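Here is the structure we will look at, set down as structure tokens.
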Amino acid sequence: MTWVLLIAITLLPALLFGFAFSLFPGEEDAPRWRVHLARRLRSWADRLHRPPPEVHDPFAALWVQERLGTVAGHVRRLEADTHCFARAERIIATQLAYDDLLRTACGLAGVEIQQAALGDPAERFRREVELTSRGWSW
């Protein structure tokens with residue numbers, strides 16, 4: 001029992017002094033109570049303030065639609081031309097550009113973008129179907 005009392009008598013003042021010194025700021029630190037109060041006020045302000053809804057530029061959507069049509073036409077021309085030099089590499093590069101434009105269009109239309117491998121035809125088809133169901137055409 002005496003050991004417990006000795007430890008309590010030794011540790012209790014150390015804890016009290018440590019707590020008291022933590023309330024005072026250092027040379028460059030703000031007081032902890034002020035930082036805690038600022039965080040609390042910021043969280044209340046974030047709850048009260050709702051950000052305005054995002055407004056998408058309609059011309060950005062039109063530009064993406066126009067580019068999708070252009071790149072899709074380029075892919076069709078490459079697939080039809082059997083005498084093109086480095087045809088496979090050109091088709092792959094054009095399809096990757098098409099996939100990137102589809103991802104941008106999905107972001108503009110609010111379509112969920114799922115993680116997939118580069119050049120995945122199933123994901124490309126899903127994105128095309130989702131975009132056409134939302135009224136996009138190219």
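Here are the numbers for the structure shown:
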quantity: Considering residues of segment 85-99 that are more than 11 Å from ARG124 (Cβ to Cβ) and in contact with a helix residue (DSSP H, G or I) (Cβ under 9 Å, 6 or more places away or on another chain) only, the residue surrounded by the fewest Cβ atoms within 10 Å (Cβ to Cβ); calculated: ARG87
quantity: Answer from ARG47, ARG103 - the residue that is within 30 Å of TRP138 (Cβ to Cβ) and not in a loop (DSSP other than H, G, I, E, B); calculated: ARG103
quantity: Candidates ALA14, ALA20, ALA61, ALA30, filtered to the one that is at pLDDT 90 or above and either on the phi < 0 side of the Ramachandran plot or over 24 Å from the mean Cα position of the chain (by Cα) (or both); calculated: ALA61
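The values are calculated or read from the model by the stated rules, or taken from the named source; none is laboratory data. It should be emphasised that the depicted structure is a prediction, and the values quoted were computed from it without experimental measurement. Here the Cβ is made from the backbone with ideal geometry for all residues, glycine too, and neighbour counts use every protein chain on show.
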